[in-house]
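Here's the structure, in structure tokens; my notes come after.
The values are calculated or read from the model by the stated rules, or taken from the named source; none is laboratory data. Quick caveat, the model's predicted, so the values are computed rather than measured. Cβ sites come from the backbone with ideal geometry, for glycine too, and all protein chains shown count toward neighbours. We work out accessible area using only protein heavy atoms, side chains counted, and drop any ligands, DNA or RNA first. Shrake-Rupley method; radii C 1.70, N 1.55, O 1.52, S 1.80 Å.
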Amino acid sequence: CIATDEQIDELERVIGDPYVPGDLESQSRFLAQNKLFHLAVARLTGNQRQAAVLDRLIDDLERLFHLGLDVRDRAAGMVREDEDLVAAIRARDPDAVTRAIEVQIETSRQMVLEGILGGALSAQVG
């Protein structure tokens, strides 16, 4: 699917503002905006079923995302990753889009794992 310039402009508009580490309200606002962004990207594929599955998956993982956000400040990095993805989409470069998505998946995986492990370690110490 080739995104229109208008669709890409909309992606740029829904990129979230960075969150404030340790501020639950700020993190929740960021995660809600981040969900809107990623659902908009998924909808560009034209596969509404995929977008619906992603919507439910993000809801299911929200608690883990909060854990990851508490571990270290990745606010600016996450926004930059979204900007990089939009730039790749705007360039109509499928290889760059794939690389940008792979970076996001890996950094999110690491962040969530650090959150889980950090929480487990805190529970053992406490």
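Need pairs with beta-carbon distance below 9 Å; first residue under 10 Å from Glu81 (Cα atoms) and within segment 100-116, second open to solvent by 30 Å² or more (accessible area, probe 1.4 Å) and of a type outside the set (D, E, K, R); sequence gap 6+ or separate chains. These pairs meet every condition: Ala100/Ala87; Gln104/His38. Can you say whether Arg63 is basic (Lys, Arg), open to solvent by 50 Å² or more (accessible area, probe 1.4 Å) and modelled with pLDDT of 90 or more, as far as the supplied structure shows? So Arg63 fails the test. When we screen Ala42, Ala3 for residues that are open to solvent by less than 60 Å² (accessible area, probe 1.4 Å), free of Cβ contacts under 8 Å to residues at least 60 places away in the same chain and more than 21 Å from Leu117 (Cα to Cα), the only hit is Ala42.
Yes/no matrix, rows are residues, columns are (1) in contact with a strand residue (DSSP E or B) (Cβ under 7 Å, 6 or more places away or on another chain); (2) at pLDDT below 90; (3) open to solvent by 70 Å² or more (accessible area, probe 1.4 Å):
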position: Glu12; (1), (2), (3): no, no, yes
position: Pro21; (1), (2), (3): no, yes, no
position: Ser28; (1), (2), (3): no, no, no
position: Gln33; (1), (2), (3): no, no, no
position: Ala51; (1), (2), (3): no, no, no
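Which ones in segment 70-89 are of a type in the set (D, E, K, R) and surrounded by 16 or more Cβ atoms within 10 Å (Cβ to Cβ)? Outline the logic, then answer.
Step one: filter segment 70-89 for residues of a type in the set (D, E, K, R), giving 70, 72-74, 80-84.
Answer for segment 70-89, where residues must be of a type in the set (D, E, K, R) and surrounded by 16 or more Cβ atoms within 10 Å (Cβ to Cβ): Asp70, Arg74, Glu81, Asp82, Asp84.
The single condition among (1) closer than 28 Å to Gly22 by Cβ; (2) surrounded by fewer than 11 Cβ atoms within 10 Å (Cβ to Cβ); (3) modelled with pLDDT of 95 or more that Gly126 does not meet is (3).
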